[in-house]
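Only one structure is covered here, and it is reproduced in the block below.
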Amino acid sequence: MKLKKNIAISESGFIFDPNTGESFSINPIGAEIIGIMKLGKSTDEIQSSILDKYDVDAASFEKYYYDFLNMLKQYNLVEEDE
Amino acid sequence: MSKIKLTLAATGLNNTDNPGPGIPVIRSIRESGEFDMRVVGLAYETLEPGIYMHDLIDKVYQVPYPSEGSDNLIKRLEYINSIENIDVLIPNFDAELYTFIKSSSALQKMGIRTFLPTLQQLEERNKVNLPEFGKKYDINVPLSRPILGHSEILSLRDEFEFPVMVKGKFYDAYIAYNEEQIKMHFNKISAKWGLPIIIQEFVKGTEVNVVALGDGKGNTIGAVPMRKQYITDKGKAWGGITLGDENMLSLTRKIIKATNWKGGMELELIKTTKNSLYVIEINPRIPAWVYLAVGAGQNLPAALVKLALDYKVPHFKQYDIGKMFVRYSYDMIVGLKEFESLSTRGEL
């Protein structure tokens, strides 16, 4: 799953979907994950990047990461990989 | 570059919570900086706020309601024109457009230019004719049917599923969940705007809008899509944001090309969850939120004036996406003398 191409995200974690006009605020860790997603990194790469940097175990990361992805999906901000 | 000398007349000065487009149109043209202009406001009521906005409007004349017939309107405009020498007139109400379009040759004889759709274009996009419009131009439109009396309400169940939209021919739209509510809205709307009342299928989705300008030869001079972010209880935008939706823009270009649309236009669309676009209304004039388009880089009212004056107007190539407008209300203090002047002499 990847972030839709035209989604704009600012450093402060403000997301704007120009297609719908919807905007969202996310917390710093969410913004960091989206920043990595925008670079086109895989789930494994995102996981290792976060695990290296923060004190979190793989199981907890996975649980919260997939919750987060589902939320992005619900708000129509991500699309399936081609 | 030298400025174009212009005396502009405009209606729609009712800058209320259900605003007419007159004030934003005038403001846009003034701020373009392209005109050395005098603005003549044409008002129907004495309390239209624009009348008292002296920084935007130089002189105001009261004009007769369109329902009083085009002869009365022309007579009044002849008088106003003998003093003001109007170059371009922009009518801003749906309800007056028929009269102004019908009078366009009389206006032309007076030297007053307009840039309006033809009567055929006006009629074709009428809410009552929307199903045929959709069929003719292969555009998604909701199922709709005009009704003239309560007796037709019972038969609606055969064609429509509840809820339905109940709409006036010019303004007003309410949602109805049963026949009783249709009757209630029917009475309310018909008392204000007359008949027919239009029953329209309720299409679920997000309402989005486009302001556009057609040159009358099938070309789109400019178009800006918007989503209302804050809607008043009258359904009017009190805040909105420009969108970057190519589907909305191509639908707009398709409609303008197919109809050879001349003048300003507002498309009211519903975007469904599957991203299909349904045209629910085509308003044959510039909408009151047009200043957002100006802020986003497309001064469509100024372009309309130049088209009316036969200037070559290049197409706008872009606009800022994610630009917002937030409307506000503001109290002006008005001297009784001003109110008196308009009430008794019909001029200010």
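If only residues of the range B:157-170 that are open to solvent by 50 Å² or more (accessible area, probe 1.4 Å) and within 22 Å of the chain's Cα centre (by Cα) are counted, the one that is farthest from residue B:285 (Cα to Cα) is B:169. The set of residues from the range B:37-64 being modelled with pLDDT under 95 and touching a Ser or Thr at 6+ places or on another chain (Cβ under 6 Å) comprises just one member, B:46. Would you list the helices (runs of 4 or more DSSP H) that sit entirely within the range B:216-324 and hold 1 or more residues that are among the acidic types (Asp, Glu) and open to solvent by less than 30 Å² (accessible area, probe 1.4 Å)? Answer list for the range B:216-324: none. If you go through the range B:85-102 and keep only what is buried (at least 20 other Cβ atoms within 10 Å of the Cβ) and either farther than 16 Å from residue B:285 by Cβ or outside the structural domain of residue B:41 (by TED's automatic domain parsing) (or both), you end up with B:86, B:87.
Just one of the listed residues (B:56, B:107) is within 27 Å of residue B:118 (Cα to Cα) and surrounded by 14 or more Cβ atoms within 10 Å (Cβ to Cβ), namely B:107.
So that you can scan it fast, the table gives a plain yes or no per residue for (1) exposed (fewer than 14 other Cβ atoms within 10 Å of the Cβ); (2) within 14 Å of chain B (Cβ to nearest Cβ); (3) not polar (S, T, N, Q):
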| position | (1), (2), (3) |
| --- | --- |
| A:22 | no, yes, yes |
| A:25 | yes, no, no |
| A:60 | yes, no, no |
| A:64 | no, no, yes |
| A:70 | yes, no, no |
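Among the residues of the range A:72-82, are any farther than 18 Å from residue A:7 by Cβ, surrounded by 15 or more Cβ atoms within 10 Å (Cβ to Cβ) and modelled with pLDDT of 90 or more? For the range A:72-82, residues farther than 18 Å from residue A:7 by Cβ, surrounded by 15 or more Cβ atoms within 10 Å (Cβ to Cβ) and modelled with pLDDT of 90 or more: absent. Looking only at the range B:195-202, decide whether some residue is at pLDDT 90 or above, among the aliphatic types (A, V, I, L, M), buried (at least 18 other Cβ atoms within 10 Å of the Cβ) and touching a Leu at 6+ places or on another chain (Cβ under 7 Å). Scanning the range B:195-202 turns up at least one residue that is at pLDDT 90 or above, among the aliphatic types (A, V, I, L, M), buried (at least 18 other Cβ atoms within 10 Å of the Cβ) and touching a Leu at 6+ places or on another chain (Cβ under 7 Å).
Residues in the range B:38-53 that are surrounded by fewer than 20 Cβ atoms within 10 Å (Cβ to Cβ) and of a type in the set (Val, Ile, Thr): B:46 only. If you go through the range A:11-47 and pick out every residue that is without any contact (Cβ under 8 Å) to a residue 12 or more places away in the chain, under 28 Å from residue B:272 (Cα atoms) and of a type in the set (S, T, N, Q), you end up with 1.
Of the listed requirements (1) more than 30 Å from residue B:230 (Cβ to Cβ); (2) in contact with a helix residue (DSSP H, G or I) (Cβ under 6 Å, 6 or more places away or on another chain), residue B:325 misses just one: (1). Take the conditions (1) of a type in the set (D, E, K, R); (2) within 30 Å of residue B:120 (Cα to Cα); (3) open to solvent by 50 Å² or more (accessible area, probe 1.4 Å); residue B:3 misses just one of them, which is (2). Of the residues contained in the range B:144-156, none is found to be modelled with pLDDT of 90 or more, farther than 20 Å from residue B:184 by Cα, open to solvent by less than 50 Å² (accessible area, probe 1.4 Å) and not in a helix (DSSP H, G or I). Taking the conditions (1) within 14 Å of chain A (Cβ to nearest Cβ); (2) at pLDDT 90 or above; (3) touching a strand residue (DSSP E or B) at 6+ places or on another chain (Cβ under 6 Å) in turn, residue B:166 satisfies each one other than (1).
The values are calculated or read from the model by the stated rules, or taken from the named source; none is laboratory data. Since we're looking at a predicted model, the values are computed, not measured. We place every Cβ from the backbone using ideal geometry, glycine too, and count neighbours over all the protein chains shown. What goes into the accessible areas is simple: the full protein's heavy atoms, side chains included, and nothing from ligands, DNA or RNA. Shrake-Rupley method; radii C 1.70, N 1.55, O 1.52, S 1.80 Å.
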